[in-house]
Amino acid sequence: MPESDLILMPHNQTPPQTPADLLSSAFALRSSICQSINGEILIPGDKSISHRALILGSLAIGTTRVSGLLKGADVMSTLSARQLGVDIDSVCGGRIHGVGLHGLTTPDAPLDLGNAGTGARLLMGVIAGQRITASFTGDSSLSARPMRRVTDPLEEMGAQVSYLPENNAKGLLPVTISGATPVLPADYHSTIASAQIKSAILLAGLNARGTTKVTEPHISRDHTEAMLRHFGLTVEQTILADGRHEVSVTGEGQLRAADIAVPRDPSSAAFAMVAALITPHSHITLPGISMNPQRIGLIATLQEMGGSLSLSNHRIEGGEDVADIEVRSSRLHGIDVPALRAASMIDEYPILSIAAACASGKTHMVGVSELRVKETDRIAVMAEGLRRCGVEIDETDDTMTVLGTNSGGDDISAHSAIAGGVIIASQHDHRIAMSFLTLGMVSKSPIIVEDVSTIATSFPGFAALMNHAGAKIERQS
């Protein structure tokens with residue numbers, strides 16, 4: 001990805017020569033009220049698709065060329081596929097010389113996936129279907145996240161899974177997985193709609209003799225299915241009469257190398273969209289954003305809340321739907337967000353709660369229990385932080401209800417009733433950090449966010465990009 005992809009390029013303005021992101025673990029960031037957010041914003045490549053491009057390119061026969069790959073730390077962690085005997089050129093994974101479905105080798109050291117939950121869980125599925133053994137480690141955040149919901153079905157397919165005794169019950173890293181010999185096809189009925197669970201099982205099933213099938217309560221992100229097709233496999237997807245989603249793939253096929261153009265990440269674009277909506281006199285364009293139907297729940301939600309978001313220039317890039325988004329500042333109002341939409345916007349609920357805080361009326365979010373097992377308990381952390389900023393919020397195990405602060409008619413600046421003036425510990429969660437930095441753009445007093453280094457896992461250049469749009473995000477020593 002060219003360096004210009006990591007920064008904002010406003011109309012008629014030259015970007016800086018060194019777009020440092022202002023991020024490190026040694027300091028916090030302070031976000032202050034700003035006048036407007038304007039310009040054309042080039043969002044980095046999609047994280048979910050970048051992970052899958054590296055993994056499936058490694059399993060293909062031939063050389064896969066990838067453009068637009070996200071340079072975030074999470075995706076760089078997935079480059080640990082190199083330890084499995086895969087030749088990947090350059091730090092950004094521009095060319096992947098695949099070894100085929102049987103060509104991976106046992107690594108000499110554990111695979112350190114850092115904070116990359118997607119990379120870890122998908123690679124677990126890959127290893128489970130190979131005749132090799134690999135151990136997985138991660139940072140403190142990833143090591144606190146449960147893995148059994150992925151490794152349990154992999155064990156049913158014949159893989160051997162070993163946790164440390166003290167971590168066995170919860171399924172916490174580190175874990176060692178020895179692939180099944182041979183791996184068994186699965187017919188797995190998941191109780192939750194999770195792209196990571198589904199993808200891990202499908203990837204393990206690529207080497208099974210027979211058809212591997214996963215059924216989930218409703219469709220989750222289907223980037224794995226789309227990319228498997230892009231690499232030449234037949235993948236069947238069916239919406240059953242009761243609304244459940246069934247996907248199947250027949251094993252012992254062959255992935256053929258294919259060029260991939262990674263679209264820009266809608267989850268990262270969410271922060272710029274909400275910043276422009278809640279900040280007066282704002283107008284931005286976001287070119288080339290992924291419009292995968294399982295990723296655009298936030299766009300529909302913000303439009304229902306009264307947000308001015310328009311889509312244009314629809315096209316297909318790398319097998320994915322892509323469009324340009326135009327956003328103007330808007331007076332938002334609260335709505336009931338349907339539970340069935342949760343799977344298509346699960347990573348966007350933290351920033352949605354910021355939009356809800358700046359709206360009028362109540363925004364009720366249901367079916368969001370998955371937020372409890374992300375990088376942190378996102379419901380609890382967002383609720384605590386919003387309350388400290390003067391916003392009323394109720395929560396249960398599976399819901400969030402935010403009472404908006406805007407009661408000023410058509411004046412969207414009325415939400416400056418948000419006090420701010422607090423220090424937020426983001427718990428090393430990149431989406432929590434960026435959400436509260438966005439809220440700081442409209443708060444009476446600045447919001448300081450600690451633990452900001454993890455922003456680089458998904459959105460390198462975030463602070464510099466938003467500052468060139470008009471934000472005021474500065475280093476807090």
For region 308-330, what are the residues that are outside any strand (DSSP E or B) and either within 23 Å of ALA261 (Cα to Cα) or modelled with pLDDT under 95 (or both)? GLY318, GLY319
Kindly provide the set of residues from region 243-268 that are open to solvent by less than 10 Å² (accessible area, probe 1.4 Å) and part of a strand (DSSP E or B), ordered by number. HIS245, VAL247, VAL249, ILE260
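Applying the selection to region 140-168, what residues are acidic (Asp, Glu) and under 26 Å from PRO182 (Cβ atoms)? Lay out the reasoning, then the answer.
First, the residues of region 140-168 that are acidic (Asp, Glu): 152, 155-156, 166.
Of everything in region 140-168, those that are acidic (Asp, Glu) and under 26 Å from PRO182 (Cβ atoms) turn out to be ASP152, GLU155, GLU156.
Among MET273, MET291, which is open to solvent by less than 10 Å² (accessible area, probe 1.4 Å) and under 22 Å from the mean Cα position of the chain (by Cα)? Spell out how you get there, then give the answer.
Values: MET291 fails: open to solvent by less than 10 Å² (accessible area, probe 1.4 Å).
Only one candidate passes the filter, namely MET273.
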Test THR301 against the criterion of being of a type in the set (S, T, N, Q) and in a strand (DSSP E or B), and give yes or no. no
As an exercise: evaluate HIS281 against (1) crowded, with 24+ Cβ neighbours inside 10 Å; (2) within 17 Å of ARG328 (Cα to Cα) and give the number of the one condition it does not meet. (1)
Within region 120-162, take every residue that is at pLDDT below 95 and among the aliphatic types (A, V, I, L, M) and give me the one that is farthest from HIS428 (Cα to Cα). ALA144
Scan region 87-110 for residues that are closer than 29 Å to LYS374 by Cα and buried (at least 24 other Cβ atoms within 10 Å of the Cβ) and jot them down. GLY93
Give all pairs with beta carbons closer than 8 Å in which a residue from region 302-323 that is farther than 25 Å from VAL402 by Cβ meets a residue that is of a type in the set (Val, Ile, Thr) and assigned to a helix (DSSP H, G or I); count only pairs at least 6 apart in sequence or on separate chains. LEU311/ILE299; GLY318/ILE49; GLU320/ILE49
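The values are calculated or read from the model by the stated rules, or taken from the named source; none is laboratory data. As the structure is a prediction and not an experimental result, all values here were calculated from the model. Note: ideal-geometry Cβ built from the backbone for every residue, glycine included; neighbour counts use all protein chains shown. With ligands, DNA and RNA removed, areas are computed over all heavy atoms of the protein, side chains included. Shrake-Rupley method; radii C 1.70, N 1.55, O 1.52, S 1.80 Å.
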